[in-house]
Amino acid sequence: MKKHNFSSGPAILPQSVFEEASNACVDFAGMGLSILEISHRSPEYVAVYEEAISLIIELLQIPDDYEVLFLTGGASSQFFMSAMNLLEKNETAGYVDTGSWSAKAIKEAQNFGHINMLASSKEKNYTYIPKGYTIPSNLKYLHLTSNNTIFGTQYKEWPDTSVPIVCDMSSDIFSQELDIQRFGLIYAGAQKNLGPAGVTLVIIRKDILGKVERVIPTMLDYKTHIAKKSAFNTPPVFPIYVCMLTLRWLKAQGGIGVIKTKNAAKAKLLYDEIDRNSCFQGTTDKGDRSTMNATFVSTNADYDQAFLDLCNSTNISGVKGHRSVGGFRASMYNAMDIGSVEALVAVMKEFEDKL
Ligand SMILES: *Cc1c(COP(=O)(O)O)cnc(C)c1O
């Protein structure tokens, strides 16, 4: 029986996408070949790539002065690649530390220029999004993590600044509309809300490139991938194909406005139960709660294993919290139906009733 998958990533994708992708592994587009064995120079693959890019541009309303790339190396490679391409040795970038992923981004960027850590919520175990800090106007860019997958916080408003924002959107890309013009660069590992692991989406405003003196290895230079349409080397054909199918699905759902409303309804349902149920409590400031990853703990350590056992026996998968927060984390990405959240809420109620 198919489980309700609350895993934080790799994560749920639409069931129809799994089915279509598995058919393509046997025979893709009537070619008599598997998608896994076709050339990345074939017209069939090029059509997949072009459809994926145009769906991204359409769904996120990306202006003409931006490029959309599919790269490899995960969001983790973007931690250094963004700084290497954008930040000169004697220049300063601003970073906001909202969790383990931003801390990793800061560590990598430090090798390429000065880092001004403008704010951090570390002293409260990353339970909130810092606000009201000063953003110097001479920063090369401001790096943010839009959604903190591990800690369950999410920006509801972008800081007011003219400095270009570089943003790690790995775990909430395509969950809500974006004013792309506010961003110089957006990156996202696919495996949270877009597709399978193995490919990373990068959206970049062209005019921020080409301004550093250092030698950038060919594979790590965004300009290489722009010139070669993300196929300088062999791209991950299958992950890009699955992303394209997921984007088609998203468009058929009605696009990002519709999915945002659904995501808000799912999050409200779960957070209302976390707040109501005497066995659980949320771990983050209410105003900063993520619509994608809800983190919560039990009110009695004895409940922890018992609740996970109950989840296990009721087909609910992936709710164990990250070790740095403990307790539970329920990830509710785009592809999750509200029925799965209803199932989790019912199990939370059952747990409370049984005590
Ligand atoms: C998962 C995640 C990452 C790491 O992505 P990889 O593709 O595994 O490198 C980085 N940032 C955020 C916000 C994430 O959720």
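The values are calculated or read from the model by the stated rules, or taken from the named source; none is laboratory data. Small disclaimer: the values here were computed from a predicted structure and weren't measured. We place every Cβ from the backbone using ideal geometry, glycine too, and count neighbours over all the protein chains shown.
Taken as a whole, the structure places Asn111 among residues that are in the same structural domain as Val166 (by TED's automatic domain parsing) and exposed (fewer than 15 other Cβ atoms within 10 Å of the Cβ). Is it the case, given these coordinates, that Val297 is hydrophobic (A, V, I, L, M, F, W, C) and in a loop (DSSP other than H, G, I, E, B)? Spelling it out, it is not the case that Val297 is hydrophobic (A, V, I, L, M, F, W, C) and in a loop (DSSP other than H, G, I, E, B). One residue stands out among those in segment 32-56 that are without any contact (Cβ under 8 Å) to a residue 12 or more places away in the chain and within 27 Å of Glu177 (Cβ to Cβ): the one that is farthest from the chain's Cα centre (by Cα), which is Glu50.
Only residues that are among the acidic types (Asp, Glu) and in contact (Cβ under 8 Å) with a residue 24 or more places away in the chain were counted in segment 305-346, giving 1. Among the conditions (1) over 16 Å from Ser82 (Cα atoms); (2) more than 11 Å from the ligand (Cβ to nearest atom); (3) in a loop (DSSP other than H, G, I, E, B); (4) among the aliphatic types (A, V, I, L, M), the only one that Ile150 does not satisfy is (2). Condition check for Ala93 on (1) small (Gly, Ala, Ser); (2) over 25 Å from Gly9 (Cβ atoms); (3) within 14 Å of the ligand (Cβ to nearest atom): one failure, at (3).
From the residues in segment 185-196 that are in contact with a strand residue (DSSP E or B) (Cβ under 7 Å, 6 or more places away or on another chain) and under 19 Å from Phe18 (Cα atoms), which one is farthest from the ligand (Cβ to nearest atom)?
Looking at residues that are in contact with a strand residue (DSSP E or B) (Cβ under 7 Å, 6 or more places away or on another chain) and under 19 Å from Phe18 (Cα atoms), I get Leu194.
Quickly run through segment 297-321 and pick out the residues that are over 26 Å from the mean Cα position of the chain (by Cα) and surrounded by 18 or more Cβ atoms within 10 Å (Cβ to Cβ). Within segment 297-321, Ser298, Tyr303, Phe307 qualify. For segment 260-286, the set of residues classified as over 15 Å from Met332 (Cβ atoms) and exposed (fewer than 13 other Cβ atoms within 10 Å of the Cβ) consists of Asp275, Arg276, Ser278, Lys286, listed by residue number.
Across segment 132-147, which residue is farthest from the ligand (Cβ to nearest atom) among those that are within 20 Å of Asp285 (Cβ to Cβ) and touching a residue at least 24 places away in the same chain (Cβ under 8 Å)?
Looking at residues that are within 20 Å of Asp285 (Cβ to Cβ) and touching a residue at least 24 places away in the same chain (Cβ under 8 Å), I get Tyr133.
For the structure I just gave you, tell me whether Ser100 is within 16 Å of the ligand (Cβ to nearest atom), closer than 25 Å to Thr218 by Cβ and of a type in the set (S, T, N, Q). It is false that Ser100 is within 16 Å of the ligand (Cβ to nearest atom), closer than 25 Å to Thr218 by Cβ and of a type in the set (S, T, N, Q). Could you tell me whether any residue of segment 63-81 is without any contact (Cβ under 8 Å) to a residue 60 or more places away in the chain, in a helix (DSSP H, G or I) and more than 16 Å from the ligand (Cβ to nearest atom)? No: zero hits. The requirement of being within 16 Å of the ligand (Cβ to nearest atom) and either assigned by TED's automatic domain parsing to the domain that holds Leu59 or more than 16 Å from the chain's Cα centre (by Cα) (or both) is fulfilled nowhere in segment 208-218; no residue meets it.
Identify all residues within segment 300-344 that are part of a loop (DSSP other than H, G, I, E, B) and under 25 Å from Ala252 (Cα atoms); write none if there are none. Answer for segment 300-344, where residues must be part of a loop (DSSP other than H, G, I, E, B) and under 25 Å from Ala252 (Cα atoms): Met332, Tyr333, Asn334, Ala335, Met336, Asp337.
Please verify whether Phe296 is in contact with a Phe, Trp or Tyr (Cβ under 7 Å, 6 or more places away or on another chain) and within 17 Å of Ile150 (Cα to Cα), treating the condition exactly as stated. So Phe296 passes the test. Across segment 318-330, not a single residue is classified as modelled with pLDDT of 95 or more and among the polar types (S, T, N, Q).
Criterion applied to Ser146, Ser120, Ser100 was being small (Gly, Ala, Ser), surrounded by 23 or more Cβ atoms within 10 Å (Cβ to Cβ) and out of contact with any Leu (no Cβ under 6 Å at 6 or more places or on another chain), and the one residue passing it is Ser146.
Does Ser170 qualify as being part of a loop (DSSP other than H, G, I, E, B), within 10 Å of the ligand (Cβ to nearest atom) and surrounded by 21 or more Cβ atoms within 10 Å (Cβ to Cβ)?
Working: part of a loop (DSSP other than H, G, I, E, B): yes; within 10 Å of the ligand (Cβ to nearest atom): yes; surrounded by 21 or more Cβ atoms within 10 Å (Cβ to Cβ): yes.
For Ser170, the condition - part of a loop (DSSP other than H, G, I, E, B), within 10 Å of the ligand (Cβ to nearest atom) and surrounded by 21 or more Cβ atoms within 10 Å (Cβ to Cβ) - is met.
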